[in-house]
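Contents: one structure, followed by commentary.
The values are calculated or read from the model by the stated rules, or taken from the named source; none is laboratory data. Quantities reported herein were computed from a predicted structural model and do not represent experimental measurements. Reconstructed Cβ throughout: ideal geometry from the backbone, glycine too, with neighbour counts over all protein chains shown. Side chains included, ligands, DNA and RNA excluded: accessible areas come from the protein's heavy atoms. Shrake-Rupley method; radii C 1.70, N 1.55, O 1.52, S 1.80 Å.
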Amino acid sequence: MNNKVIIFDTTLRDGEQAPGYSMNLEEKLKMAQRLEKLGVNVIEAGFAFASKGDFESVKAIAEQAGDVTVASLSRALQKDIDASCEAIKNARHPRIHTFLATSDLHLQYKLKMSKEEALNQIIEMVTYARNKCPDVEFSLEDATRTDLDYMCKVVEAAIKAGATTINLPDTVGYACPEDITKIFTTVRNNVPNVDKAILSTHNHNDLGMALANSLAAVASGARQVEGTICGIGERAGNTALEEFAMNLKTRSDIYPYTIDIDTKQIYKCARQLSSITNVKPFPSKAIVGKNAFAHESGIHQHGIMANSLTYEIMTPESVGVVKTELVLGKHSGIHAFTSRMEALGYILDKDDSARFFKEFKDLCDRKKTISDRDLIALVESSEKPKENDWILDHFVVNSGNLMTSTACVTLRRGDELKESVAAGTGPVYAAMRAVEKIIDHHFGLVDYDLHAVTEHRDAQGEVIVKITDGKEYYRGRGVSTDVIEASILACITACNHMLDASPMVQGSGINAQQLSLNEDMLAGHSDR
Ligand code: KIV
Ligand code: ZN
């Protein structure tokens, strides 16, 4: 049997639909680019029929994609398949992914359909999809609780109708590796045309078994694994693709399968996801958690120094973790700067290179030692201002434990300079309120996160904010050695996104009384 395993990424569909992980179009495009660099074979870009926004993002990802296959999810219904088809038509390699539940529970209570009716609908819709697209995946939703005889019938019929991939998902995360082995072995041994399609596995992690189940499926003949970066997804999430990839790489003695993943891109991809969603992996999360490669105990450190193999089963470099080094300083020139950025994976054009170099020089005036993490934060927090964007000119805050904080903020937009003064329970709150007055557009603060980019007292603070105008959410990041400045920068970026989405309605936005800046949220973050 061919040992190549296809990696199907559903971060932008199954992952994105989980609470707290929603992304806008621009963010999805950035993430799709990263996934392609990582080497996934299929990107499930969304569920085109679900909403206009979903349709537009699937379409934009399809148009941007290079050689990667772009899939769109569709229920086994003509209108869903039509929407998917339209959205992916410009991809070099489009795929329609259609599904119908096949377990008795789902048929009886959710779909209210007999097995026969479901089988007919599957045949009809897979045929319909295949007539529109040469690459069709059919998923038997809740496969792991489906009667095995019926499953074999459905798989045979779906392949006959034109499905090129058959996915057997553990939708509810109930299966254990023994179940998965039995299911895949039964299908392979009993479906006469099984060799005409690729078998795929898609596992949810409700019992913490998603990765083990995916590995068991591959050992039993699955040649496509579906999952997400960091395992994000419905409820307890999906198989974490970085964990699957590193198992294959580290335990090739047990798992002799090949994948196209460039494991050195893993860390950057996970970082991109957390910087977009502002959800960090748990510190002890395998492969990409902050502590995944930290050897704190003296005994371990001693062993590692004698021979790294004593405690290290894989190197941080193999997943692209950048070691903090003192690389550049005040006297470094633009060439040293751009080549260091290239080494970190950022290919900058001339304009960006000049812009970031200026920011780097400003940072050198504030901070003696610039680490790779500072450089990464600098690039990732900085968005090229668009013509109509507000940018920070200057600010002054006045704050203390026995007084009401005040902030005077001046913003610039083209030639226009606008200043405002506001008070608040802390300096960040006061400064954000001043920004709100200048842009004349109310917003609510939904989330505020402040952390240090590196160790030591002169570290830069990175602030990530999420605001809302009552309809949509907008995120912004800001980095500075001054956390008030970082907060204002993050706030302005988020506001620019908000104004981009509804530009001309001055004085609008969320009802100020209903949900204005959230004082409670900032209460713990207002100290310098
Ligand atoms: O978990 C699941 O069953 C799914 C299908 C739509 C593939 O996500
Ligand atoms: Zn799923």
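With K and R counted +1 and D and E -1, the other residues having a Cβ less than 11 Å from that of T338 yield a net charge of -1. Ordered by 1.4 Å accessible area with all protein chains kept, K466, K59, K249 run largest first as K249, K59, K466. Percent relative contact order of the range 126-216, based on C-alpha pairs within less than 8 angstrom and at least six residues apart? In percent, rounded to a whole number, it is 32. Taking the alpha-carbon distance from K285 and a cut-off under 28 Å, which lysines remain once sequence neighbours fewer than 8 residues away in the same chain are dropped? Result set, ordered by chain and number: K4, K28, K30, K37, K249, K264, K268, K323, K466.
A probe of 1.4 angstrom, applied to the heavy atoms of all protein chains, finds K386 with accessible area near 100 square angstrom. Per-residue SASA remark: H93, around 70 Å² accessible (1.4 Å probe; ligands, DNA and RNA not included).
Summary value for the chain: 9 percent relative contact order, contacts being C-alpha pairs under 8 angstrom separated by 6+ residues. In a DSSP loop and with at most 16 other Cβ atoms within 10 Å, there are no GluC sites (Glu not before Pro) in the range 1-82. Projecting the Cα atoms of L402, A65, A343 onto the dipole axis of the chain, where Lys and Arg carry +1 and Asp and Glu carry -1 at the beta carbon, places A343 farthest toward the positive end.
Accessible surface for C230 stands near 30 Å², nearest 10, in the context of the full protein assembly shown (1.4 Å probe).
Taking 0.36 nm per residue of separation and subtracting the Cα-Cα distance, what length does fully extending M403 through K386 add? Could you put the intermediate results ahead of the total?
Values: separation 17, 0.36 × 17 = 6.12 nm, distance 3.76 nm.
Using 0.36 nm per residue and subtracting the Cα-Cα distance, I get 2.4 nm.
With the cut-off at 1.5 for a/c, could you classify the chain from its C-alpha gyration tensor as rounded, prolate or oblate?
Numbers: a/c = 2.24, a/b = 1.57, b/c = 1.42.
Prolate, because a/c is 1.5 or more and a/b exceeds b/c.
Between K132 and N120, the simple spin-label model (points 7 angstrom out along Cα→Cβ) gives 2.2 nm.
Net charge around S214, counting only other residues with Cβ within less than 11 Å of its Cβ (Lys, Arg = +1; Asp, Glu = -1)? Surrounding charge for S214 is -3. Counting charges near L411 (Lys, Arg +1; Asp, Glu -1) among other residues having Cβ under 12 Å from its Cβ returns a value of -2. Just to verify a number: FRET efficiency for L344 and K182, C-beta to C-beta distance, R0 = 35 Å, to 0.05? According to the calculation, E is roughly 0.15.
For the chain, adding -39500 (n - 2.57) for each run of n ≥ 4 DSSP H residues and dividing by the number of residues yields -11500 deg cm²/dmol at 222 nm. Centroid-to-centroid, using Cα positions, the range 64-108 and the range 223-261 are 22 Å apart.
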